[in-house]
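Trainee: For reference, the structure I am asking about is given below.
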Amino acid sequence: MKFKVKTIWRVKRFDKLDQEANKRRCDVAILIMFLFVVTFCARLWHLQIIQGKHFREQSERNRIRSVRLQPPRGKILDRTGRLLAGIKPCFNVCLVREDVGDMEALLAKLSPLLGETEAEIRPRLGSEQKGPQYVPIVIKRGADWETLSRIESRLFSLPGVFIEVTPARKYPYGSIAPHLLGYLGEISREDIEKERYKGARSGDMVGKCGVEERFENDLAGIKGQRRLEVDAGGRLVRVIDEKPPVPGKDLYLSIDLDLQQASEEAMKGYVGALVALDPQTGRILALVSSPAFDPDAFATGINNEEWKALNDPVSRPLQNKALQGRYAPASTFKIVMAAAALQEGIVTKNTSFKCTSQFRLGRSVFRCWNWRGHGQTNLYKALVESCDIYFYQVGLKLGIDKIAKYADAFGLGSKTGIDLPNESKGFIATPDWKLERYQEPWQEGETLITAIGQGFTLVTPLQMACLTAAVANGGTLYSPIYLEKITGPDGHIVKSFESIPKDKLPVSESNLRIIRKALVGAVNDKKATGKQCKMPDVLVAGKTGTAQVVGQAKRRQDDKLDWKYRDHAWFVAYAPAEKPELAVAVLCEHAGHGGSVAAPVARKVFETWFQIQSPLPVLGHGKTAFNRNNIDDHV
């Protein structure tokens, strides 16, 4: 009995312990479930309330895809409305990484279809890795029909890939004035931050230089948007809605297409520049930098060999030599010297010096280009035959300070004001500059070589064209302009551009007439250095220049020198002399003498211009002999 009672007590005790243990387990289980429910609800609350907007947008993007619509870029036309740069359809192979899945598998499929290796394709993806996955990236720009057909027929097996049609640049006349027009290239990360490219994103084509860059905001237009519904593979289901893009504005340049083509043809084979402008307004009618480049090459991408050729350190195809090239002006600078000497009363038109082909200053001997000498020489003869000895002596009498003063007044050593980036100022040296730069005083011998346009003096072809135009029109120095007007998509004029007088030459009209008379003689006289620009029915006025690249001692062996050591050929001119319509500056690098090389180039430009204007003779003197006594009737 005692054993039975004890057993019952032990059973009850174990039951009580089991109940307590079970209760604890239930409490823990309930607590765990409660914490799970709370955590689950908190997570739901976080996902639906805190991150609800984000996931709704992401979910919407899985179904709705927004595609930007590129507007047609504005056209660039010449002064008569002929198309210089238009638009054409461009087919791009694009990719949305969010829809791809297995990128390596996709690249393996795309590589043979695009005709490129995976290594060539991969960098285009790498540049976008930090961007949103849903933003389309271009992996092949300007695909040809064969490539398009291969891609289109296999789109079902290429998740995330689609064909995009965008407007691209079209150059109907090829590489016409590429340095002025500029070109389009894919925007860089640095450019995206610039105000000029506001609204652009990676992959967009934007203006990179010239007119295309300067007027990017006008030409680019306003982008549109199309909303598409897509399936899980990113394939189009339907178009939901569309906001059309606004086309860019059209630009009418002052360039004349016929004259530009003739100028480029005349400069073919030379490294250098040519500028032709209207001396009465400063409007640029032709601008050439040779050699040129093909702006179309930048639209589809260029390979290493092409890029190396474009950066050739000798010919420098990408440099706009018309406003960035800096050259010694040589004897064309004698126009400035003559004006300064007359205005300062240093000489009159009758003042003469004897040229024996040598001029001695101290222990140094300075030579004239004509080793026979010019004999007794006045200002007219000095400009016509380009006598160095005459201007050596004029330079000494003027002094370097007055030379620099008049050079500055003629627009040298400062920018012309043309509305294009990266214009060079050229350079006019002064004693103060030399002392600061070299810690050496100015020497009289340096004044002599400055007087004939050598030494430290550097100018651009555009500056010399503006200088020539100012002499031709009576003394008004214009800031050159190349844009006539901007029109909207409907053809209405948004903005017109007028001539901008920059300054007035500090030279009297009577002194300018003396110089103009000599410039007519420099082309038409019997001993003229620029006679190869003489025309039978149009009176041309001009001045040659031959800029030394090496010292005088080596010039006599010019034909035996390497190309890079040969002289630069200059010629500046305007016509008709009695009522100037066209001013031209020609610079041919390392080509030889201005009279034999640059003057014939200018003549071709004048011939084209007067054929455009009128086939009738302007002067009416035909092929009769030139008479210097009658020049005053025409200048």
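Residue by residue, here is whether (1) part of a strand (DSSP E or B); (2) in the same structural domain as VAL471 (by TED's automatic domain parsing); (3) farther than 16 Å from LEU519 by Cα; (4) in contact with a strand residue (DSSP E or B) (Cβ under 9 Å, 6 or more places away or on another chain) holds:
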site: THR332; (1), (2), (3), (4): no, yes, no, yes
site: GLY345; (1), (2), (3), (4): no, yes, yes, no
site: LYS349; (1), (2), (3), (4): no, yes, no, yes
site: PHE353; (1), (2), (3), (4): yes, yes, yes, yes
site: ARG360; (1), (2), (3), (4): yes, yes, yes, yes
site: VAL365; (1), (2), (3), (4): yes, yes, yes, yes
site: ASN370; (1), (2), (3), (4): no, yes, yes, yes
site: TYR380; (1), (2), (3), (4): no, yes, no, no
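Trainee: Taking the condition of being part of a helix (DSSP H, G or I) and within 23 Å of ASP102 (Cα to Cα), how many residues in segment 149-158 meet it?
Mentor: Within segment 149-158, residues that are part of a helix (DSSP H, G or I) and within 23 Å of ASP102 (Cα to Cα) number 6.
Trainee: Can you spot a residue in segment 159-170 that is modelled with pLDDT of 85 or more and closer than 19 Å to LEU310 by Cα?
Mentor: Checked segment 159-170: no residue is modelled with pLDDT of 85 or more and closer than 19 Å to LEU310 by Cα.
Trainee: Okay, next question. What are the residues in segment 236-258 that are in contact with a Leu (Cβ under 9 Å, 6 or more places away or on another chain) and either part of a strand (DSSP E or B) or farther than 25 Å from LYS495 by Cα (or both), if any?
Mentor: The answer is LEU236, VAL237, ARG238, VAL239, ILE240, GLU242, LYS243, ASP250, LEU251, TYR252, LEU253.
Trainee: I'd like to check something: does segment 427-439 contain any residue that is crowded, with 17+ Cβ neighbours inside 10 Å, in a loop (DSSP other than H, G, I, E, B), out of contact with any helix residue (DSSP H, G or I) (no Cβ under 6 Å at 6 or more places or on another chain) and touching a residue at least 24 places away in the same chain (Cβ under 8 Å)?
Mentor: Looking through segment 427-439, at least one residue is crowded, with 17+ Cβ neighbours inside 10 Å, in a loop (DSSP other than H, G, I, E, B), out of contact with any helix residue (DSSP H, G or I) (no Cβ under 6 Å at 6 or more places or on another chain) and touching a residue at least 24 places away in the same chain (Cβ under 8 Å).
Trainee: From the list GLY160, GLY174, GLY182, which residue is surrounded by 15 or more Cβ atoms within 10 Å (Cβ to Cβ), in contact (Cβ under 8 Å) with a residue 12 or more places away in the chain and either closer than 30 Å to LYS321 by Cβ or in the same structural domain as ASP419 (by TED's automatic domain parsing) (or both)?
Mentor: Every option except GLY182 fails the conditions.
Trainee: Among the residues of segment 336-374 satisfying the criterion of being among the hydrophobic types (A, V, I, L, M, F, W, C) and farther than 16 Å from THR447 by Cα, which is nearest to the chain's Cα centre (by Cα)?
Mentor: For segment 336-374, the residue satisfying everything is ALA339.
Trainee: Something else: Among the residues of segment 300-310, are any assigned by TED's automatic domain parsing to the domain that holds PHE391 and in contact with a Lys or Arg (Cβ under 7 Å, 6 or more places away or on another chain)?
Mentor: Within segment 300-310 (the criterion being assigned by TED's automatic domain parsing to the domain that holds PHE391 and in contact with a Lys or Arg (Cβ under 7 Å, 6 or more places away or on another chain)), the answer is yes, since at least one residue qualifies.
Trainee: Those residues that are more than 20 Å from VAL572 (Cβ to Cβ) and among the small types (Gly, Ala, Ser), I need them from segment 495-526; list them, please.
Mentor: Answer for segment 495-526, where residues must be more than 20 Å from VAL572 (Cβ to Cβ) and among the small types (Gly, Ala, Ser): SER496, SER499, SER508, SER510.
For every residue, the table says whether it meets (1) more than 33 Å from the chain's Cα centre (by Cα); (2) among the small types (Gly, Ala, Ser); (3) surrounded by 19 or more Cβ atoms within 10 Å (Cβ to Cβ).
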| site | (1), (2), (3) |
| --- | --- |
| TYR482 | no, no, yes |
| GLY491 | no, yes, no |
| SER499 | no, yes, no |
| VAL507 | yes, no, yes |
| ARG513 | yes, no, no |
| LYS517 | yes, no, yes |
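Trainee: Can you tell me which condition GLU146 does not meet? The list is (1) of a type in the set (Asp, Glu); (2) buried (at least 16 other Cβ atoms within 10 Å of the Cβ); (3) in a helix (DSSP H, G or I), and all the others hold.
Mentor: Looking at each condition in turn, GLU146 falls short on (2).
Trainee: Given the criterion crowded, with 24+ Cβ neighbours inside 10 Å and either in the same structural domain as LEU274 (by TED's automatic domain parsing) or out of contact with any helix residue (DSSP H, G or I) (no Cβ under 8 Å at 6 or more places or on another chain) (or both), identify the matching residue among GLY445, GLY455, GLY474, GLY411.
Mentor: GLY411
Trainee: Which of the numbered conditions does THR460 fail, given that it passes all the others? Conditions: (1) surrounded by fewer than 19 Cβ atoms within 10 Å (Cβ to Cβ); (2) at pLDDT 95 or above; (3) among the polar types (S, T, N, Q).
Mentor: So the condition that THR460 fails would be (1).
Trainee: So, one more: Quickly run through segment 88-135 and pick out the residues that are among the polar types (S, T, N, Q), at pLDDT 75 or above and surrounded by fewer than 15 Cβ atoms within 10 Å (Cβ to Cβ).
Mentor: THR117
Trainee: Kindly indicate which of GLY210, GLY272, GLY221 is crowded, with 22+ Cβ neighbours inside 10 Å, touching a Gly at 6+ places or on another chain (Cβ under 8 Å), on the phi > 0 side of the Ramachandran plot and outside the structural domain of PHE606 (by TED's automatic domain parsing).
Mentor: GLY210
Trainee: When you scan segment 302-319, do you find a residue that is closer than 26 Å to GLY475 by Cβ and within 14 Å of the chain's Cα centre (by Cα), even just one?
Mentor: no
Trainee: Residues in segment 314-346 that are surrounded by 23 or more Cβ atoms within 10 Å (Cβ to Cβ) and free of Cβ contacts under 8 Å to residues at least 60 places away in the same chain: how many?
Mentor: 1
Trainee: Looking only at segment 572-605, how many residues end up being closer than 22 Å to TRP369 by Cα and part of a loop (DSSP other than H, G, I, E, B)?
Mentor: The qualifying residues number 5.
Trainee: Only one of GLY453, GLY417 is part of a loop (DSSP other than H, G, I, E, B) and at pLDDT 95 or above. Can you tell me which?
Mentor: Within the list GLY453, GLY417, the selection yields GLY453.
Trainee: Pairs only if they're at least six apart or on different chains, beta carbon under 7 angstrom, first in segment 259-271 and farther than 13 Å from SER175 by Cα, second charged (D, E, K, R) and assigned to a loop (DSSP other than H, G, I, E, B); list them, first residue then second.
Mentor: VAL271/GLU589
The values are calculated or read from the model by the stated rules, or taken from the named source; none is laboratory data. From a predicted model like this one, the values you see are computed outputs, not experimental measurements. Positions of Cβ are generated from backbone atoms using ideal geometry, with glycine treated the same way; all protein chains shown enter the neighbour counts.
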